Amino acid sequence: MKRHQNILLIVAVILLGVLPLWIVEKPAAGPDGESAEIFAGADDKARNLIGEIDPDYQPWFAPLIEPASGEIASMLFALQAALGAGFIGYYLGAARTREKMRQENKKLQELKEVGARQNRTKEQLIRAD
């Protein structure tokens, strides 16, 4: 049962990521005649603004891989954000668990020391009799 539940959850997450790319329709062209991007980000706006300010500007480097569309670029950005959040969540959980284990080990060590002191006291009382 648990295995089927995990598989269903994974399929649901994949569908939630992919379905919006197929369902959302592309908007009509703007007043300038160019088609509007649904998932256009700040990078494109910044590039266009820099082009308006300084038409002779040359970028310092070119991207290694250019996504096929803005939707794919947006999906990759969201995937990057999700992976980053996952790593941060894992680190915080591991750090919290590690600290909890240290505290439990410290308490256990203190209890062992108290028990050892009590045993020494009992031995001293037995020897005294």
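Every number here is computed from the coordinates shown, using simple stated rules; none is lab data. Bear in mind that the values here come from a model prediction, so they are computed numbers and not experimental data. We place every Cβ from the backbone using ideal geometry, glycine too, and count neighbours over all the protein chains shown.
Assorted remarks:
- Additional length obtainable on full extension of the chain from L76 to E110, 0.36 nm per residue less Cα span: 7.2 nm
- Above 13 Å, the calculated P(r) of the stretch 72-129 contains 74 percent of its Cα-Cα pairs.
- Taking the C-alpha atoms only, the angle from helix 2-23 to the longest principal axis of the chain is near 20 degrees.
- Think of the chain as having a plus end and a minus end, set by charges on the Cβ of Lys, Arg, Asp and Glu; of I53, G89, G33, G89 sits farthest toward the positive end of this dipole.
- Candidates A85, A62, A42, ranked by Gaussian network fluctuation over the chain, Cα under 10 Å, top entry: A62
- Debye log10 I(q)/I(0) at q = 0.11, 0.16, 0.18, 0.23 Å⁻¹ for the chain, Cα point scatterers: -0.74, -1.06, -1.17, -1.36
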